[in-house]
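Structure first, commentary second.
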Amino acid sequence: MQKPWLKSYPKGVPEEISLGKYTSIPSFLEEVFQNFKNDPAFSNFGTIITFSQVDELSNTFAAHLQSIGMVKGDRIALMMPNILQYPIALFGALKAGLIVVNINPLYTARELQYQLADSGAKAIVIYANSGHVLESVVDRTEIKHIFITQIGDLLTFPKSFLINFVLKYIKKMVPKFNLPGAVSFTETIKGDKNFKPVEINLEDTAFLQYTGGTTGVSKGAILTHKNIVANLTQAKEWLGDLTKIKHIVFTPLPLYHIFSLTANCFALSSVGALNVLITNPKDMPSFIKELKKWKFTAITGVNTLFNGLMNNPEFETVDFSHLKVSLGGGMAVQRDTATRWKKITGCTLVEAYGLTETSPAACMNPMDLKDFNGKIGLPISSTIVSIKDDNGIDLPYGNSGEICIKGPQVMKGYWNRPEETAKAFTKDGFFRSGDIGIMDTEGFVKIVDRKKDMIIVSGFNVYPNEIEDVLCMHPKIFECAAIGVPDEKTGETVKVFIVKRDSSLTENEVSEFAIKNLTNYKRPKIIEFRKDLPKSPVGKILRKDLRV
């Protein structure tokens with residue numbers, strides 16, 4: 001197969017990668033901890049922990065997991081925002097050979113129960129604010145071990161008066177819950193515990209990273225140690241000389257999201273970067289105050305985040321003189337956003353492309369890109385991208401078709417869903433992205449549409465079938481359809497069309513029902529009642545006709 005992208009590769013980037021001596025993510029991390037042991041690794045609310053501290057604390061947590069009977073292959077859920085406890089729990093779980101199941105801490109009871117039950121997780125590290133949600137469903141899961149943590153647990157003393165005030169306020173806002181047998185996470189990382197190294201190989205599963213699909217049913221993408229190590233190696237090769245810089249990277253996207261997980265927590269950490277964790281990026285004034293404290297060199301985010309920052313007048317007073325890397329992903333970067341970003345910061349906003357199923361990076365633009373080009377970049381090392389028609393046939397350059405991907409970072413399949421796995425791949429082994437794109441003769445790929453009906457709200461995937469299934473549980477709703485509509489703040493937002501079963505149904509009732517059953521970004525912001533919905537001859541609701 002021809003690879004036109006190779007002639008456009010940045011200088012020094014190889015066609016193929018080698019995983020070398022690495023046998024697992026922990027073996028990869030071992031080298032990182034050794035090379036940068038005395039350097040700062042993560043910062044949150046004014047507290048900094050070094051790579052050595054992360055190594056030691058994660059070893060202690062791994063030993064605790066072993067002491068309670070957790071063994072290689074057991075699943076452990078992590079349900080936290082960006083706080084210091086996350087990387088410690090993550091690395092500890094991986095060292096113990098466990099499979100990590102990342103969960104959004106804002107999930108409703110229904111969403112949490114499904115993911116815990118589907119994954120078969122036996123343990124969970126959970127943010128205290130979500131404790132009441134777990135309490136309502138834990139009896140219907142396989143959870144045996146619960147570790148509770150709060151935002152200030154690992155922050156050093158003395159803290160500033162302001163930080164103390166904020167922490168006390170946050171703790172007062174924690175809903176009450178009762179989880180018998182729950183243990184404080186801080187207790188699991190105390191003392192001198194004896195961690196016994198576990199034999200892990202590249203084919204072992206590291207993550208069940210949940211994502212949706214055309215059916216709307218959330219599925220666990222099986223990401224192996226090889227998938228992640230390969231993507232980290234690909235990212236390091238792509239960064240080139242930028243790996244030689246001592247980076248301070250701002251990490252506002254949640255680490256439980258595949259983009260931030262791989263790009264920030266793993267890839268940038270692997271070159272000794274300090275990750276400044278932003279727990280609540282929606283608080284733009286506080287976020288910008290934190291930016292002003294650092295000579296930061298890199299930032300990752302989604303289009304809506306960059307827009308939000310630039311819409312605050314204080315953002316222009318930040319010192320951008322050290323900024324070398326601005327990386328956008330998770331959703332399409334809009335040209336206007338990229339243009340404004342370059343004007344204010346002097347740094348080009350570089351767009352990358354990937355999916356949960358590709359760990360995630362599949363395409364990236366050259367890091368020395370002079371100006372935004374409206375494309376998602378070139379296939380990275382050891383990656384082949386093919387534009388195919390509905391029959392799986394390769395299309396000529398310049399023709400639109402489904403973006404299909406093959407490489408060492410592509411998932412093993414979907415957890416316990418062989419039929420869905422089979423549908424996700426072409427006969428010649430390419431993963432079907434569901435996105436419609438075009439590749440030019442230089443190898444650059446551009447997305448032109450989405451084959452799936454997926455809605456992207458602030459970088460998060462929202463699947464219409466899930467919204468429809470939930471709302472149709474309401475006794476007053478006969479049927480409904482969900483679509484995405486443009487939104488200045490979030491890129492897209494959810495709009496639902498509803499046919500009433502009971503004429504007394506109101507918009508307020510629908511909204512209240514959604515609040516109870518859907519996390520915030522999935523809730524419909526626009527509700528329209530109709531007498532009927534457009535359907536095909538076989539009775540399938542035609543969402544495309546609702547977009548007119």
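So the values come out like this:
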{"item": "Residue satisfying condition, being out of contact with any strand residue (DSSP E or B) (no Cβ under 6 Å at 6 or more places or on another chain), more than 29 Å from Ser136 (Cβ to Cβ) and of a type in the set (A, V, I, L, M), within set Val548, Val499", "result": "Val548"}
{"item": "Criterion violated by Pro4 - all others in (1) under 30 Å from Ile438 (Cα atoms); (2) touching a residue at least 40 places away in the same chain (Cβ under 8 Å); (3) out of contact with any strand residue (DSSP E or B) (no Cβ under 8 Å at 6 or more places or on another chain) satisfied", "result": "(3)"}
{"item": "Selected residue [out of contact with any Cys (no Cβ under 6 Å at 6 or more places or on another chain), touching a residue at least 24 places away in the same chain (Cβ under 8 Å), over 28 Å from Leu253 (Cβ atoms) and acidic (Asp, Glu)] from Glu507, Glu479, Glu466, Glu492", "result": "Glu479"}
{"item": "Residue tally, condition surrounded by fewer than 24 Cβ atoms within 10 Å (Cβ to Cβ) and closer than 16 Å to Phe529 by Cα, over the stretch 486-495", "result": "1"}
{"item": "Residues being free of Cβ contacts under 8 Å to residues at least 40 places away in the same chain and buried (at least 22 other Cβ atoms within 10 Å of the Cβ) - total across the stretch 402-419", "result": "1"}
{"item": "Residues of the stretch 515-548 that turn out to be surrounded by fewer than 16 Cβ atoms within 10 Å (Cβ to Cβ) and of a type in the set (S, T, N, Q), as a count", "result": "2"}
{"item": "Listing of helices (runs of 4 or more DSSP H) fully contained in the stretch 1-117 that carry 1 or more residues being among the aliphatic types (A, V, I, L, M) and under 30 Å from Pro379 (Cα atoms)", "result": "25-35, 85-95"}
{"item": "Every pair of residues 6+ apart whose Cβ atoms lie under 7 Å, when the first sits in the stretch 370-395 and is touching a residue at least 40 places away in the same chain (Cβ under 8 Å) while the second is surrounded by fewer than 20 Cβ atoms within 10 Å (Cβ to Cβ) and among the small types (Gly, Ala, Ser)", "result": "Leu378/Ser8"}
{"item": "Checking Val350 against (1) outside the structural domain of Asp440 (by TED's automatic domain parsing); (2) touching a helix residue (DSSP H, G or I) at 6+ places or on another chain (Cβ under 8 Å); (3) within 19 Å of Thr262 (Cα to Cα), the condition it does not meet", "result": "(2)"}
{"item": "Flag for Ser381 being at pLDDT 95 or above, part of a loop (DSSP other than H, G, I, E, B) and among the hydroxyl-bearing types (Ser, Thr, Tyr)", "result": "yes"}
{"item": "Test: residue in the stretch 494-516 that is part of a strand (DSSP E or B), within 25 Å of the chain's Cα centre (by Cα) and under 25 Å from Gly329 (Cα atoms)", "result": "yes"}
{"item": "Boolean, Val125 is of a type outside the set (Ser, Thr, Tyr), assigned by TED's automatic domain parsing to the domain that holds Asp153, at pLDDT 95 or above and not in a helix (DSSP H, G or I)", "result": "yes"}
{"item": "Counted residues, the stretch 299-311 - those being out of contact with any helix residue (DSSP H, G or I) (no Cβ under 7 Å at 6 or more places or on another chain) and crowded, with 20+ Cβ neighbours inside 10 Å", "result": "5"}
{"item": "Subset of the stretch 128-144 (residues that are among the polar types (S, T, N, Q) and either part of a strand (DSSP E or B) or closer than 10 Å to Phe177 by Cβ (or both))", "result": "Asn129, Ser130, Ser136"}
{"item": "Which numbered condition Asp283 fails, given (1) over 25 Å from Leu355 (Cα atoms); (2) free of Cβ contacts under 8 Å to residues at least 24 places away in the same chain; (3) more than 20 Å from the chain's Cα centre (by Cα)", "result": "(3)"}
{"item": "Filter pass, Leu305 being under 16 Å from the mean Cα position of the chain (by Cα), under 25 Å from Phe372 (Cα atoms), modelled with pLDDT under 95 and assigned to a helix (DSSP H, G or I)", "result": "yes"}
{"item": "Residue identified as at pLDDT below 95 and not hydroxyl-bearing (Ser, Thr, Tyr) among Leu29, Leu6, Leu19", "result": "Leu19"}
{"item": "Residues within the stretch 267-278 that are surrounded by fewer than 23 Cβ atoms within 10 Å (Cβ to Cβ) and out of contact with any Asp or Glu (no Cβ under 8 Å at 6 or more places or on another chain), tallied", "result": "2"}
{"item": "Strands (runs of 3 or more DSSP E) completely within the stretch 172-264 that count 2 or more residues being at pLDDT 95 or above and in contact with a His (Cβ under 6 Å, 6 or more places away or on another chain)", "result": "none"}
{"item": "Within the stretch 196-225, tally of residues that are out of contact with any Leu (no Cβ under 9 Å at 6 or more places or on another chain) and among the aromatic types (Phe, Trp, Tyr)", "result": "1"}
{"item": "Residues of the stretch 332-354 that turn out to be in a loop (DSSP other than H, G, I, E, B) and modelled with pLDDT under 95, as a count", "result": "3"}
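The rows are residues; the columns are (1) farther than 26 Å from Gly308 by Cβ; (2) in the same structural domain as Ser130 (by TED's automatic domain parsing); (3) touching a helix residue (DSSP H, G or I) at 6+ places or on another chain (Cβ under 8 Å).
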| position | (1), (2), (3) |
| --- | --- |
| Met173 | no, yes, yes |
| Phe177 | yes, yes, yes |
| Gly181 | yes, yes, no |
| Gln234 | yes, no, no |
| Phe250 | no, no, yes |
| Gly272 | yes, no, yes |
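Every residue, every condition in (1) in contact with a helix residue (DSSP H, G or I) (Cβ under 8 Å, 6 or more places away or on another chain); (2) farther than 30 Å from Trp415 by Cα; (3) not β-branched (Val, Ile, Thr), yes or no:
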| position | (1), (2), (3) |
| --- | --- |
| Lys219 | yes, no, yes |
| Lys246 | no, yes, yes |
| Phe259 | no, no, yes |
| Thr262 | yes, no, no |
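Each row is one residue, and each column tells you yes or no for (1) over 30 Å from Ile387 (Cα atoms); (2) modelled with pLDDT under 90.
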{"site": "Ser433", "(1), (2)": "no, no"}
{"site": "Gly437", "(1), (2)": "no, no"}
{"site": "Val445", "(1), (2)": "no, no"}
{"site": "Lys452", "(1), (2)": "no, yes"}
{"site": "Val462", "(1), (2)": "no, yes"}
{"site": "Asp469", "(1), (2)": "yes, yes"}
{"site": "Cys472", "(1), (2)": "yes, no"}
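The values are calculated or read from the model by the stated rules, or taken from the named source; none is laboratory data. These numbers come from a predicted model, not from an experiment. Don't worry about glycine lacking a Cβ; one is built from the backbone with ideal geometry, like all the others, and counts go over all protein chains shown.
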